[in-house]
1. Which residue out of Gln125, Gln129, Gln162, Gln134 is exposed (fewer than 12 other Cβ atoms within 10 Å of the Cβ), polar (S, T, N, Q) and either at pLDDT below 90 or under 13 Å from Ile99 (Cα atoms) (or both)?
2. Mind listing just one residue for me: the one in the stretch 96-110 that is charged (D, E, K, R) and in a helix (DSSP H, G or I) and, of those, surrounded by the most Cβ atoms within 10 Å (Cβ to Cβ)?
3. Hey, does the stretch 81-97 have a residue that's closer than 30 Å to Ala120 by Cα and touching a Phe, Trp or Tyr at 6+ places or on another chain (Cβ under 7 Å)?
4. Pairs only if they're at least six apart or on different chains, beta carbon under 8 angstrom, first in the stretch 140-162 and within 17 Å of Pro113 (Cα to Cα), second at pLDDT 90 or above and in a strand (DSSP E or B); list them, first residue then second.
5. Within the group Leu119, Leu144, Leu152, which residue is at pLDDT 90 or above, part of a loop (DSSP other than H, G, I, E, B) and surrounded by 16 or more Cβ atoms within 10 Å (Cβ to Cβ)?
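The values are calculated or read from the model by the stated rules, or taken from the named source; none is laboratory data. All figures in this text were calculated on a predicted structure; none of them were measured in a lab. Here the Cβ positions follow ideal geometry from the backbone for every residue, glycine too, while neighbour counts run over all protein chains shown.
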Amino acid sequence: MQAGMRTSVVGLGLLLIGLDVLLLAPSPSPQRVVSSSIALCAFPVEFPTQGVRCLSQDEAHALFVTAGDVVPLGPHGERSVGPPKRMSGARQLALGLRIDPNRATEDELLALPDVGPTLARAVLQARQQAPFRQEADLRKVRGLGEKRLAKLRPYLVWPGTQ
């Protein structure tokens, strides 16, 4: 009878150790959206009532929108007057769009890997002094060394290289 109790106690002990390991194991860190190297379509544009649609260059030109814009619509689905808003940075990256550091909002910059609030604000402040014409201009921003810029390179687009 004592041998049976020992087996039960040992089994219970092993079960408790297994549960401790599972409960104390670090949870996986949240994943950032990873950009595709190929855009899913040339002009993904969001319509508030229809979701994201892929437009041709002619359609985008007729609506005065660019890739990543959110088209303002009136109550009956017609194009409203006013500038379009932008999709969130995470959504743009998920659609395979690259971020233009000259147009990016703070939200778009924060969606980039290894960019926090301080660096995003530093990029916005540097951009107010002069636009970024090439990657070397962005390297002048405090906190953007070669290693970090190498991580960002696949997600950025420069003027004239769309």
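1. On the way: Gln125 fails: either at pLDDT below 90 or under 13 Å from Ile99 (Cα atoms) (or both); Gln129 fails: either at pLDDT below 90 or under 13 Å from Ile99 (Cα atoms) (or both); Gln162 fails: exposed (fewer than 12 other Cβ atoms within 10 Å of the Cβ).
Gln134 is the lone residue from the list that is exposed (fewer than 12 other Cβ atoms within 10 Å of the Cβ), polar (S, T, N, Q) and either at pLDDT below 90 or under 13 Å from Ile99 (Cα atoms) (or both).
2. Just the residues of the stretch 96-110 that are charged (D, E, K, R), to begin with: 98, 100, 103, 106-108.
Among the residues that remain, those that are also in a helix (DSSP H, G or I) are: 106-108.
Details: Glu106: 14, Asp107: 14, Glu108: 25.
Only one residue tops the list, namely Glu108.
3. yes
4. Partner pairs satisfying both residue conditions: Tyr155/Ile99; Leu156/Ile99; Val157/Ile99.
5. Details: Leu119 fails: part of a loop (DSSP other than H, G, I, E, B); Leu152 fails: part of a loop (DSSP other than H, G, I, E, B).
Result: Leu144 is the single residue among Leu119, Leu144, Leu152 that is at pLDDT 90 or above, part of a loop (DSSP other than H, G, I, E, B) and surrounded by 16 or more Cβ atoms within 10 Å (Cβ to Cβ).
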